[in-house]
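Below you'll find the structure, written out as structure tokens, and then a few comments.
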Amino acid sequence: MPAARFVGVDGTEVLLDVPAGQTLRQAALDNLVPGIIGECGGFATCGTCHVVVDERFRPLLPAPSEDEEIVLEGLLTPVTATSRLACQIAMTDELDGITVHVPESQG
Amino acid sequence: MGGSLPRSVDDLPLLPDLVAPQAWSADLVAASDGLFERGVRVLRDGEGGLLVIGDAVMRALAQDPAVGGTPVEFLTGRAGDRVRRATGAAPPSGAAAFDAFLRNQVFTMNAALHVAVRRVVARHLVPRAVLGMAGHAERVLVGVLDEVTRVGGVVDLERDVAGPYVTRFWTDQLGVPAGAALRVQQLVHEMNRMFLFAPTLEDRARVLAATEEYLELVGRTVAMAWERGDNALLGHLARGLDGIDLPGAPPDLGALVAANFFDGFHTVAVAVANAARCLLADAPAAERVRRAPSLVAAAFTEGARLTAPLMLTTRMALGDVEHAGLRIPAGTPITMAWIAANRDPEAYDEPGGYRLDRPPRLGTTFGGGARICPGRGATRMLGEVALRALTATSVQVRLESPQPGWVPGSAIRRHPAIPVVVRRVAAA
């Protein structure tokens, strides 16, 4: 099963096995990863599952949708070129080992 | 029942068998607490639909794309049914304006139209945009507090503080003249009767009349402000609306704004007043926030959890839905008691307690799923500005009624009045 690594601002790492097809948001919530709220339930409408994806995995992800871009642009927390919403990242075998950094706050 | 549901909705418990209608109508929060004690999370509502009170099942159903917006025909039909049941008479005619009001609200839309209209409204209420409005909110509130402290005496926290504050904030944002703000506040107060469980003929007539005047007033003044060309928010909304080429879209900017910012005028004022009262009634918590204003976010979230103003709304199964083995047929109305889920003991420790130190878990105050309230960020900002101001060292707010009770028989959680005395305190 592919794995995903969540890294907190204090450097704490959580390594999770994530079934293919499941989103990183759901995996994080199911495993109580600190800092992921996911208020809207996975529709790219709330911006409370913001993560910064390790640069190496950026080319492997589909481009963000218009809704995801709107939400990311509207966040108060610092957004980088590899910022994504965890609800929009569905795990695949290709993404095995993906590392995402969880920001200090959401929204 | 949280983890085990029957296969058929017919095997769910029936609300009237467990809770007397008067008890539900009088205080559905207390009634829901009693249902939790019996292990109930989902019921038949006795009107042909489902009633959801549990946190987990509510979140799951809210996130199911097959559970969508409730068609206007259902809402207006049910409103008429309630008048008939309560009065034995036919509901008054002349509901065209009310029908248009509902039809232009994003929450009654489905599929591509919902996505498109929601996007137009929500993209201008993202956190970064809302932060840019906070200074304006602070200035408006200072003006309102100046007025009530100048007059002195007992005032109503909702009617005299939160109502003018929120209404003036939004009317300013939307270019509605200051002179019209008071009338807007009065009209949305009248329209609040639409949330009554057993409206009288007079209630219904007043809702229809107020809705017609509200749509005309807000629609006309917004259109005038847009034509002046000096309101960026309206410009963005108008351009977004122009880009929607779908049947059923709001016919013009005024209709879009009037229908979708109604809750901004009304429900937000109730939310601010309720959350403020929650905090002020808990002296140690209020003192903590006074000493550490960074706690206002937690204070508002907690107050809104316990006293969510819009207690329930109804969604509709657009197709057959299955959740944890329970099969919900297409066309089933599903009423989500958002405020009840905020108190589900399976989701919250000491659910009735007001605690500033809860883990950062947002409740269902603003709904859930793709239909989550697009204005929740602005609501939180307005609430946090208010709590910061009302707990500032330069202001003293004294509650004059320790237990103001709740208005019964309404889907809106609000006190009949929140009498307070507001004083300015000179710097030491």
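Just so you know, all these numbers are worked out from the coordinates, no wet-lab data involved. Predicted model only: the values in this text are computed from it and were never measured. Heads up, the Cβs are rebuilt from the backbone with ideal geometry, glycines too, and the neighbour counts pull from every protein chain shown.
Note on chain B: dipole from Cβ charges, positive end direction compared against B:Ser394, B:Ala178, B:Pro13; the farthest Cα belongs to B:Ser394.
When cysteine pairs in the protein assembly as shown are screened for C-beta atoms closer than 4.7 angstrom, the residues that find no partner are A:Cys49, A:Cys87, B:Cys278, B:Cys373. Charged neighbours of A:Arg5, selected by a Cβ distance under 10 Å, balance to -2 (K, R count +1; D, E count -1). Among B:Ala209, B:Ala378, B:Gly331, whose Cα lies farthest out toward the positive end of the dipole of chain B, if unit charges sit on the beta carbon of Lys, Arg (+1) and Asp, Glu (-1)? Among B:Ala209, B:Ala378, B:Gly331, the one farthest towards the positive end of the dipole of chain B is B:Ala378. Averaged over the residues of peptide A:33-44, the number of Cβ atoms from other protein chains lying within 10 Å of each residue's Cβ is 5. This ranking places A:Ile37, B:Ile418 by how few other beta-carbon atoms lie within 10 Å of each, fewest first, which gives A:Ile37, B:Ile418. For chain B, the membrane-span-like helix rule (DSSP H, alpha carbon extent of at least 24 Å along the helix axis, mean Kyte-Doolittle at least 0.0) picks out B:134-151; this says nothing about an actual membrane.
As a rough footprinting exposure proxy, the listed residues B:Cys278, A:Cys49 were ranked by other beta carbons within 10 Å of their own, and the order from fewest upward is B:Cys278, A:Cys49. Label the range B:74-137 by shape, choosing from rounded, prolate and oblate, from the square roots a ≥ b ≥ c of the eigenvalues of the Cα gyration tensor; if a/c is under 1.5 it is rounded, and otherwise prolate applies when a/b is larger than b/c, oblate when it is not. Since a/c reaches 1.5 and a/b is larger than b/c, the shape of the range B:74-137 is classed as prolate. Its Cα centre serving as origin, the protein assembly as shown has a Cβ charge dipole (Lys and Arg +1, Asp and Glu -1) of approximately 1220 debye.
What is the average number of partner chain Cβ atoms found within 10 Å of a Cβ in B:317-323?
Details: counts 0, 0, 0, 0, 0, 0, 0.
Average neighbour count from other chains, rounded to a whole number: 0.
Taking other C-beta atoms within 10 angstrom as a stand-in for reagent exposure, B:Val270, B:Val161 fall in the order B:Val270, B:Val161, fewest first.
For the protein assembly as shown, what class follows from the C-alpha gyration tensor (a ≥ b ≥ c being the square roots of its eigenvalues): rounded when a/c is under 1.5, otherwise prolate if a/b is larger than b/c, else oblate?
Values: a/c = 1.32, a/b = 1.16, b/c = 1.13.
Rounded is the answer for the protein assembly as shown, as its axis ratio a/c remains below 1.5.
Which Cα, out of B:Phe107, B:Val222, B:Met191, lies furthest along the positive dipole direction of the range B:9-424 (beta carbon charges, K/R +1, D/E -1)? Result: B:Val222, furthest along the dipole toward the positive end. Neighbours of A:Gln88 by Cβ distance under 12 Å: Lys/Arg scored +1, Asp/Glu scored -1, total -2.
Here the peptides B:320-326, B:114-120 are ranked by packing, the mean other Cβ count within 10 Å, and the order with the highest first is B:114-120, B:320-326.
Would you mind giving the mean number of other chain beta-carbons within 10 Å of the Cβ of each residue in B:402-408, as a whole number? Write down the numbers at each step before the final one.
Details: counts 0, 0, 0, 0, 0, 0, 0.
The shielding value for this peptide is 0.
Going by the alpha-carbon gyration tensor, a ≥ b ≥ c the square roots of its eigenvalues, is the range B:1-126 rounded (a/c under 1.5) or, if a/c is not under 1.5, prolate (a/b greater than b/c) versus oblate? Here the range B:1-126 falls in the oblate category.
About the Cα centre, and with charges only on the beta carbon of Lys, Arg (+1) and Asp, Glu (-1), how big is the dipole of the range A:3-101? Nearest 20 debye, please. Intermediate results must be reported in sequence, preceding the final value.
On the way: 5 positive and 15 negative charges, 23 e Å.
The dipole of the range A:3-101 has a size of about 100 debye.
Protection proxy ranking of B:297-303, B:56-62, B:246-252, by the mean of other Cβ atoms within 10 Å over each peptide's residues and highest first, is B:297-303, B:56-62, B:246-252.
So what's the net charge close to B:Pro13: Lys and Arg +1, Asp and Glu -1, counting the other residues with Cβ under 14 Å from its Cβ?
On the way: positive: B:Arg38, B:Arg41, B:Arg44; negative: B:Asp10, B:Asp11, B:Asp17, B:Glu37, B:Asp45.
Residues near B:Pro13 contribute -2 overall.
Charge dipole of chain B (Cα centre as origin; +1 on each Lys and Arg Cβ, -1 on each Asp and Glu Cβ, all else neutral): 800 debye, rounded to the nearest 20.
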